[in-house]
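Read through the structure below, which is laid out as C-alpha cells, and then see the notes.
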C-alpha cells in the first residue's frame with residue numbers, strides 16, 4: 001500500500017482555483033521532489049496535506065496509509081505522522097525550544113496511546129539528536145526561532161523532524177534563502193532520516209537542493225496539476241531549460 005495517495009485534488013482559496021485535479025502517489029522509503037514555477041500550486045499542496053485553514057477542497061481525496069486525511073484536524077494528521085517544514089518558520093516568543101519540543105513530542109505520543117517521555121529520557125533523546133545535527137545546546141534554551149538566523153531556524157526545524165520521527169515529511173521550499181552551509185544542514189538532516197518506512201515530499205523551485213537530497217522521483221507541477229514525472233535527471237533538465245515548455249501543458 002502506498003504511504004500517500006492524492007487523487008484528483010481540486011482546491012480553491014477565496015474562490016480562486018489553485019489545484020486542478022492533482023494526482024500524486026508517494027511510496028514508503030521514497031523521496032519525491034515537486035518542482036514548478038511560482039504560482040503553480042506547490043505550497044498549496046503542502047498546506048492542504050497539513051490541514052491549513054482557508055483552503056477549500058472542492059473535489060478529490062487524500063489517503064494517508066489508506067485513511068482519509070481530509071476528515072482529520074491538523075493535530076490528528078500530525079499524530080498520524082505527517083510533518084510540514086515551513087518555508088518561513090515562525091517565531092514563538094516566551095516558549096523555550098526544549099519546552100516546545102517536549103510538549104509536541106508528548107502530545108503526539110499521548111494521541112497515539114503511548115506513554116509520555118520522562119524528563120531524563122526526553123533530555124537524552126534531544127541531546128543525541130541535536131549532536132547529530134551539530135546544533136549548539138545553547139540554542140535549545142532560547143525561545144523558538146526568536147533571534148535565530150535563517151540557517152538556525154532550519155536546523156531547529158530539522159531537529160523537530162528528527163524528534164517527532166514522522167512517517168511523511170513535507171518540506172515546503174525549505175531551501176528558500178539559505179546559504180550553502182545551511183542548505184547542507186537541511187539536506188544532511190533529511191538524509192539521516194531516510195528510512196524504508198518514511199516518505200518525503202520535497203517542494204523546491206531550484207535544482208540545487210536536489211544535489212544534496214537526491215530524489216527517487218521528480219514531478220513537475222504547472223497550473224495546479226502534475227504535468228511530468230521522471231527521475232532525478234528531470235531536475236537537471238529543468239535547471240537547464242526552465243519551466244516555459246510546461247506552462248501550457250496543464251491548460
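The values are calculated or read from the model by the stated rules, or taken from the named source; none is laboratory data. This structure is a prediction, so every number in the text was calculated from the model and none was measured. Note: ideal-geometry Cβ built from the backbone for every residue, glycine included; neighbour counts use all protein chains shown.
What's the total number of residues in segment 126-147 that are touching a residue at least 12 places away in the same chain (Cβ under 8 Å) and touching a helix residue (DSSP H, G or I) at 6+ places or on another chain (Cβ under 8 Å)?
Qualifying residue count for the region: 14.
Within segment 187-206, can you find the residues that are assigned to a helix (DSSP H, G or I) and under 13 Å from the mean Cα position of the chain (by Cα)?
Those that are assigned to a helix (DSSP H, G or I) and under 13 Å from the mean Cα position of the chain (by Cα): 187, 189, 190, 193.
Is it the case, given these coordinates, that residue 15 is surrounded by fewer than 21 Cβ atoms within 10 Å (Cβ to Cβ), closer than 23 Å to residue 217 by Cβ, out of contact with any helix residue (DSSP H, G or I) (no Cβ under 7 Å at 6 or more places or on another chain) and free of Cβ contacts under 8 Å to residues at least 12 places away in the same chain? Even if it seems obvious, please write down each step before you answer.
On the way: surrounded by fewer than 21 Cβ atoms within 10 Å (Cβ to Cβ): yes; closer than 23 Å to residue 217 by Cβ: no; out of contact with any helix residue (DSSP H, G or I) (no Cβ under 7 Å at 6 or more places or on another chain): yes; free of Cβ contacts under 8 Å to residues at least 12 places away in the same chain: yes.
Here the answer is no, as residue 15 does not meet what is asked.
Could you list, in sequence order, the residues of segment 46-59 that are touching a strand residue (DSSP E or B) at 6+ places or on another chain (Cβ under 7 Å) and more than 18 Å from residue 80 (Cα to Cα)?
Selection gives 54, 55, 56, 57, 58, 59.
Within segment 143-156, restricting attention to residues that are surrounded by fewer than 17 Cβ atoms within 10 Å (Cβ to Cβ) and at pLDDT 90 or above, which residue is nearest to residue 91 (Cα to Cα)? It would help to see each step written out before you state the result.
Start the filter on segment 143-156 by keeping residues that are surrounded by fewer than 17 Cβ atoms within 10 Å (Cβ to Cβ), which leaves 143, 146-147, 149-150.
Narrowing further to those that are at pLDDT 90 or above: 143, 146-147.
Numbers: 143: 8, 146: 5, 147: 8 Å.
By that ranking, first place goes to 146.
From the list 236, 209, 221, pick out the single residue that is buried (at least 17 other Cβ atoms within 10 Å of the Cβ) and either more than 17 Å from the chain's Cα centre (by Cα) or outside any strand (DSSP E or B) (or both).
Selected residue: 209, the only one of 236, 209, 221 that is buried (at least 17 other Cβ atoms within 10 Å of the Cβ) and either more than 17 Å from the chain's Cα centre (by Cα) or outside any strand (DSSP E or B) (or both).
Here are some conditions: (1) surrounded by fewer than 19 Cβ atoms within 10 Å (Cβ to Cβ); (2) under 28 Å from residue 3 (Cα atoms); (3) within 20 Å of the chain's Cα centre (by Cα); (4) at pLDDT 90 or above. Residue 106 meets all but one. Which one does it not meet?
In the conditions (1) surrounded by fewer than 19 Cβ atoms within 10 Å (Cβ to Cβ); (2) under 28 Å from residue 3 (Cα atoms); (3) within 20 Å of the chain's Cα centre (by Cα); (4) at pLDDT 90 or above, residue 106 misses (3) alone.
Could you check how many residues of segment 56-90 are in a loop (DSSP other than H, G, I, E, B), modelled with pLDDT of 95 or more and in contact with a helix residue (DSSP H, G or I) (Cβ under 6 Å, 6 or more places away or on another chain)?
Result for segment 56-90: 0.
If a residue has to be in a helix (DSSP H, G or I) and closer than 12 Å to residue 80 by Cα to count, how many in segment 108-124 make the cut?
Qualifying residue count, segment 108-124: 4.
Taking residue 39, is it out of contact with any helix residue (DSSP H, G or I) (no Cβ under 7 Å at 6 or more places or on another chain), free of Cβ contacts under 8 Å to residues at least 60 places away in the same chain, within 23 Å of residue 235 (Cβ to Cβ) and surrounded by fewer than 17 Cβ atoms within 10 Å (Cβ to Cβ)? Break it down stepwise before answering.
Numbers: out of contact with any helix residue (DSSP H, G or I) (no Cβ under 7 Å at 6 or more places or on another chain): yes; free of Cβ contacts under 8 Å to residues at least 60 places away in the same chain: yes; within 23 Å of residue 235 (Cβ to Cβ): yes; surrounded by fewer than 17 Cβ atoms within 10 Å (Cβ to Cβ): yes.
Judged against the criteria, residue 39 is a match.
Looking at 188, 181, which is the one that is over 14 Å from residue 41 (Cα atoms) and at pLDDT 85 or above?
It is 188.
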